[in-house]
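K.L.:
Mind looking over this structure? Questions follow.
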Amino acid sequence: MSGKGLILLYHRVCGPMPDPLLLMVRPERFDAHLAMLRRTCTPMALSAMVAAAEAGTLPERAVALTFDDGYADNVRHALPLLERHEVPATVFTVSGMVGEPTEFWWDELERLVLCPGSLPERLCLTIAGESFETDLQAGAVYGQDEADRYAAWSILLKEDPSPRHALYRTIYFKLLRLPDAGRWDVLRQLREQAGKPVAGRETHRVMTADEVRRLDASTQATVGAHTVHHPRLSNLPPEAQRSEISGSLAQLEGLLQRRVGEFSYPYGGKTDYDEHSVRIVRECGFDLAVSNFPGLITRGTDALQLPRHLVRDWTVQELQTHMEEWFAA
Ligand SMILES: [Zn+2]
């Protein structure tokens with residue numbers, strides 16, 4: 001009788017810092033998560049879990065860890081803990097961001113809008129050819145005291161405690177729908193009006209090529225592909241999807257000098273990619289691909305659309321409670 005597997009999705013191990021999209025788990029909590037997983041589950045590498053599921057030999061309470069995006073804190077904070085607890089993880093890296101001084105677009109928006117600084121009282125932007133204007137008034141100047149006061153705010157909360165938070169929310173959802181070039185055009189306008197430098201924050205950077213190689217060299221970490229630019233694949237025609245998917249494969253295989261067999265769909269919800277994405281992933285020769293909707297891994301699970309469960313900055317008790325629900329589903 002084969003057991004059931006659970007794939008956990010993390011993004012960042014760092015902080016605590018303002019985290020409007022709830023991507024961070026602080027290192028001491030991640031440490032506790034790993035100790036609990038080692039004690040109560042069977043941690044496995046993702047590829048081993050998929051192979052065991054297909055062979056019908058999945059152990060009880062099998063767990064595989066994954067990280068999306070390839071933040072530098074994965075090698076700095078997560079890797080030593082993965083090695084100490086002997087828990088393997090796959091880190092899906094956005095290949096076109098490796099070594100770049102800029103931040104991901106969602107972090108760049110946070111840097112420009114929710115970090116201390118000034119914006120015009122009447123902010124004017126052109127978004128996808130349409131003019132967007134808003135009166136920031138008292139929100140034009142945003143100080144450290146306000147940033148500290150609202151450090152725990154996230155986009156999941158219904159209330160926007162300041163005009164800056166309302167602006168962040170509005171622009172975030174507008175950018176989410178835009179192609180990559182359109183996003184960076186809006187962010188450039190915002191950056192110029194904020195008078196901030198192009199280079200991003202050290203705390204929010206992606207791994208360098210050396211760090212990607214160092215991570216992949218660990219017995220507890222495997223690097224996988226996550227496209228070149230992190231587009232919403234379902235917004236793209238098939239040929240553009242192919243260049244994002246096969247381009248990230250070629251870049252990472254060149255960087256690592258080995259075959260790369262694992263892929264993660266950006267955003268990963270059922271509408272964030274389409275049947276062309278799955279076909280192209282198969283044609284590129286990937287062994288497995290992970291999505292971002294909940295579910296368990298069993299013998300019949302599609303290896304090119306593996307469900308995952310998102311982990312937040314939870315205490316070990318909170319994670320345990322969620323995992324009991326997930327395993328019971
Ligand atoms: Zn991602």
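K.L.:
To the nearest 20 debye, what is the magnitude of the charge dipole of region 148-255 about its Cα centre, counting +1 on the Cβ of each Lys and Arg and -1 on the Cβ of each Asp and Glu?
P.N.:
440
K.L.:
Let me ask you something else. In square nanometres, what is the average projected area of the Cα convex hull of region 105-194?
P.N.:
Reported value for the Cα convex hull: 5.4 nm².
K.L.:
Would you calculate a helix-derived [θ] at 222 nm for the chain, using -39,500 (n - 2.57) for each DSSP H run of n ≥ 4 and dividing by the full residue count, to the nearest 500?
P.N.:
My calculation for the chain gives -11500 deg cm²/dmol from helical runs alone.
K.L.:
Still on this structure: With 10 angstrom as the radius, rank Cys124, Cys115 by how many other C-beta atoms surround their C-beta, starting from the fewest.
P.N.:
With the sparsest Cβ surroundings first, the list reads Cys124, Cys115.
K.L.:
If I take every Cα pair under 8 Å that is 6 or more residues apart in region 105-194, average their sequence separation and divide by the length, what percent do I get for the relative contact order?
P.N.:
Once divided by the residue count of region 105-194, the mean separation gives 40 percent.
K.L.:
Please give the charge dipole size of the chain, origin at the Cα centre, charges +1 on K and R Cβ atoms and -1 on D and E Cβ atoms. Round to the nearest 20 debye.
P.N.:
420
K.L.:
Follow-up question, since we're still on this one. Specify which residue in the list Pro18, Ser95, Leu34 is farthest towards the positive end of the charge dipole of the chain, using unit charges on the beta carbon of Lys, Arg (+1) and Asp, Glu (-1), about the Cα centre.
P.N.:
Leu34
K.L.:
Only four residue types carry charge here, +1 at the Cβ of Lys and Arg and -1 at the Cβ of Asp and Glu. Report the dipole size of region 190-329 about the Cα centre in Debye, rounded to the nearest 20.
P.N.:
The dipole of region 190-329 has a size of about 240 debye.
K.L.:
Name the lysines eligible as straight-distance cross-link partners of Lys196: C-alpha to C-alpha under 30 Å, and not fewer than 8 places from it in the same chain.
P.N.:
Leaving aside lysines fewer than 8 places away in the same chain, those within reach of Lys196 are Lys158, Lys174.
K.L.:
Please list, or write none, the aspartates and glutamates whose alpha carbon is within less than 12 Å of the alpha carbon of Lys4, excluding same-chain residues fewer than 8 places away.
P.N.:
Result set, ordered by chain and number: Glu54, Glu60.
K.L.:
Determine the distance separating the Cα centre of region 111-163 from the Cα centre of region 239-261; give it in Å without decimals.
P.N.:
When both Cα centres are located, 37 Å separates them.
K.L.:
Average the reciprocal distances over every distinct pair of alpha-carbons in the chain, invert the result, and give the Kirkwood radius in Å.
P.N.:
20.6
K.L.:
With an 8 Å Cα cut-off and a minimum separation of 6 or more residues, compute the relative contact order for the chain in percent.
P.N.:
24
K.L.:
Once you have the Cα-Cα distance between Ser243 and Glu283, take 0.36 nm times their residue separation minus that, and quote the gain in nm to one decimal.
P.N.:
The Ser243-Glu283 span can extend by a further 13.2 nm.
We did not get these values from a lab; they are worked out from the coordinates using the rules stated. Keep in mind that what you see is a predicted model, and the values were worked out from it rather than measured. We place every Cβ from the backbone using ideal geometry, glycine too, and count neighbours over all the protein chains shown.
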